[in-house]
Amino acid sequence: MDCVMKVMLLLCALQLLNCKDSGSGSAEQRCFCQVTGHIDDCVCDVESIDAFNNMQLFPKLQQLLESDYFRFYKVNLNKPCPFWADDRHCGSKYCAVKPCKPDEVPDGIKSNSYKYSEEANNALHECEKAEKLGAVDSSLSEETRQALLEWNRHDDEEDRFCVVDDEGSPDSQYVDLLLNPERYTGYKGSEAWQIWNSIYEENCFKPYSVKRPLNPTRAYREKDGKTFYRWLEGLCVEKRAFFRLVSGLHASINIHLSARYLLDDNWFEQKWGHNVTEFQQRFDAELTRGEGPKRLRNLYFLYLIELRALSKVLPFFEQPSFQLYTGQPDQDRRTKDLLVELLHVAKSFPLHFDETSLFTGNKQEAAQLKEDFKLTFRNISKIMDCVGCFKCRLWGKLQTQGLGTALKILFSERQIEALPKSKSSLPSFQLTRQEIVALFNAFGRISTSIRELANFRGLLSKVR
Ligand SMILES: *[C@@H]1O[C@H](CO)[C@@H](O)[C@H](O)[C@H]1NC(C)=O
Ligand SMILES: *[C@@H]1O[C@H](CO)[C@@H](O)[C@H](O)[C@H]1NC(C)=O
């Protein structure tokens, strides 16, 4: 299908500016050489985004996310992976016990091969460690549990853009996001690569023949990279944007893992903090063959898209009838005031997007595109069930749903504009509590990443 190719505002998005001097630059330049100046389709520059986010938006958002309404997220972490054999290793309730228990390795193999049993023992150790790091604390007081049931009854059911299809399942449980911060879990290597690969390779509207040079540990062929970006150029704006959003999400997650790295784990403390080496391995132009700085640019792109969604959704939250219901009227009112205030801040940022360039092409194309995005997004949320580590799965699901909700908003601009007028009939646009919680927490992650970049800049300027 030939889709909206009109105002190619994103064309410059693909002028993947080369870091020509990347080899010789300082450690800081090697990560940030492309992260400066204008961001692609928006007449705004990195520096003003940084200032806006770090000074104005981030502190308010943080405060909002600490409220009762926003800290509890319902999720089913026990769904089987629908796409490949589910030989989960670390972090999963079952796998941590099963594949890792040495006495489950047949005696014959153990006695035949000392090496194997040593491996099994190491695996056990790794698993215990990863299970501890990746475990999700789902403790809630009985009172909170009851309150949450109340909220649930209060929410309107509605079909959603990005299906997290299991809210009603008995396996779904609430988790307190403040008790389960996204941070380093030790979950990486081939299993994590499989997840990201299947997202990029099979769920980014990519023709199967194009290989992406994704895994930095795999032999890399210059040719693959070239074909890959040529493919990207051939896509319509929105689908290309889709790829960049996924890449931005990936970058954001990696920034968190590098910023909350387990630096020390001994008998009296667990010390979490910035690991500059880890950051460099993911974003240094030299170490990533030029990919790292592009990933950081994609993060800014993702930030702008989600920011745009927030500024568009303001009329929905401003409706007098809209409540953030937790059953504590005073707190609920304050949370809503804070939310609306935050959205006004978001709206105040001069985005200067071409309003018609993204997501709002002619009606038929837009409908088709919305459908394509929806299916792909549902699929990506299913892939999240294949993430072996509980905590990564939790944040993966939440951030996918958050981005899905942002896209739903962008695809529904007209319905949102029509909201105040459609009082008598059923409202033409709805968000569930789940979607709202995911939207703001996901944006909270991106916003935190932008802020962390300033920290890493500082740390990197001291390297070498
Ligand atoms: C969903 O994702 C899986 C795993 O990456 C892939 O094999 C499958 O083709 C995708 N399906 C759709 C409809 O995109
Ligand atoms: C930082 O990360 C690297 C891997 O990127 C690791 O080898 C190193 O041990 C980490 N540093 C600390 C202090 O944990």
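The values are calculated or read from the model by the stated rules, or taken from the named source; none is laboratory data. Computed from a prediction, not measured in an experiment: that's the story for all the values here. With ideal geometry, Cβ positions are generated from the backbone for all residues, glycine too; neighbour counts draw on all protein chains shown.
Annotation: of all residues in the stretch 256-296 being assigned to a strand (DSSP E or B) and within 8 Å of ligand 2 (Cβ to nearest atom), the one that is farthest from the chain's Cα centre (by Cα) is 264. Yes or no: residue 301 aromatic (Phe, Trp, Tyr) and under 14 Å from residue 460 (Cβ atoms)? When the stated conditions are applied, residue 301 does not pass them.
The residues of the stretch 426-453 that are of a type in the set (Val, Ile, Thr) and outside any helix (DSSP H, G or I) amount to a single one, 432. Among the residues of this structure, residue 369 does not count as one that is at pLDDT 80 or above and under 24 Å from the mean Cα position of the chain (by Cα).
Take the conditions hydrophobic (A, V, I, L, M, F, W, C), more than 16 Å from ligand 2 (Cβ to nearest atom), out of contact with any Asp or Glu (no Cβ under 7 Å at 6 or more places or on another chain) and at pLDDT 75 or above and apply them to residue 243. Does it pass? Answer is yes for this residue. Only one of the numbered conditions (1) more than 30 Å from residue 460 (Cα to Cα); (2) modelled with pLDDT under 80; (3) not in a loop (DSSP other than H, G, I, E, B) is violated by residue 235, and that is (3).
Looking at the stretch 183-206, is at least one residue modelled with pLDDT under 75, part of a loop (DSSP other than H, G, I, E, B), within 16 Å of ligand 1 (Cβ to nearest atom) and touching an Asp or Glu at 6+ places or on another chain (Cβ under 9 Å)? For the stretch 183-206, residues modelled with pLDDT under 75, part of a loop (DSSP other than H, G, I, E, B), within 16 Å of ligand 1 (Cβ to nearest atom) and touching an Asp or Glu at 6+ places or on another chain (Cβ under 9 Å): present.
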